[in-house]
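**Student:** Provided herewith is a single structure, encoded as structure tokens, for subsequent inquiry.
Laboratory data are not the source of any read-out in this text; all were calculated from the coordinates shown. All figures in this text were calculated on a predicted structure; none of them were measured in a lab. All Cβ positions, glycine included, derive from the backbone under ideal geometry; neighbour counts span all protein chains shown.
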Amino acid sequence: MRRIRLAGQLAEPMGPFTDAVEAGGFLYVSGMLPLDANGDLVGVGDVVRQTEQVLGNVGEVLRAAGATFDDVVRIGVYLRNMADRPSVNTVRRRYFGDALPTATAVEVSALALPDALVEIEAVALLPRQDA
């Protein structure tokens, strides 16, 4: 098992967890918020911009583990407002293309940051190193 922490590339975690854990051939990516590397919230009031930042952060973690969005098998999407789902899905299509993962979308009353509108977690099947 290997823990991945992208210090300096992503904001410091807001609790006792790491950006991702590799285990059993999978990469488990923690829920990502729309934070830049300095820990500043991006896109206040703009779910499209926030989703772009969140998926950009997920992409950084995937790259650090040698994976891409094509390797993602599952995502969990947490939305402050389910009416934002179509906008979030438009951004998701740009990142995932035809490699569609399984997904769950849930409306929540709050996220870890009061002005965050979206949080996304992911699970990826890591490419085999011996292939």
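**Student:** If you place +1 on the Cβ of every Lys and Arg and -1 on the Cβ of every Asp and Glu, how big does the dipole about the Cα centre of the chain come out, in debye to the nearest 20?
**Tutor:** That gives a dipole near 240 debye.
**Student:** Helix 85-96 sits at what angle to the longest principal axis of the chain, using alpha carbons and giving 0 to 90 degrees rounded to 10?
**Tutor:** 30
**Student:** List the residues, sorted by chain then number, that are 5 or more residues from Arg74 or on another chain and whose placed amide H is less than 5 Å from its amide H.
**Tutor:** Thr102, Val123
**Student:** May I ask you to work out the translational diffusion coefficient for the stretch 45-122 at 20 °C, viscosity 1.002 mPa s, via Stokes-Einstein with Rh from the Kirkwood sum over Cα pairs, reported in whole µm²/s?
**Tutor:** D, rounded to a whole number, is 169 µm²/s.
**Student:** Describe numerically, in nm with one decimal, the distance between label points set 7 Å from Cα along Cα→Cβ at Thr68 and at Met82.
**Tutor:** Output for this residue pair reads 3.5 nm.
**Student:** Against the 2.2 N^0.38 Å scaling, with N counting residues, where does the chain land? I'd like the Cα-based Rg ratio to two decimal places.
**Tutor:** So the chain has a normalised radius of gyration of 1.00.
**Student:** Could I ask something else about it? Could you check what % of the DSSP bridge pairs in the chain are antiparallel, to the nearest 5?
**Tutor:** About 75 percent, rounded to the nearest 5.
**Student:** While we're on this one: Just name one of Pro114, Tyr95, Leu125: the one whose Cα is farthest towards the positive end of the charge dipole of the stretch 85-131 (beta-carbon charges, Lys/Arg +1, Asp/Glu -1).
**Tutor:** The listed residue farthest towards the positive side: Tyr95.
**Student:** Could you tell me the distance between the Cα centroids of the stretch 96-131 and the stretch 9-45, to the nearest Å?
**Tutor:** The distance from the Cα centre of the stretch 96-131 to that of the stretch 9-45 comes to 11 Å.
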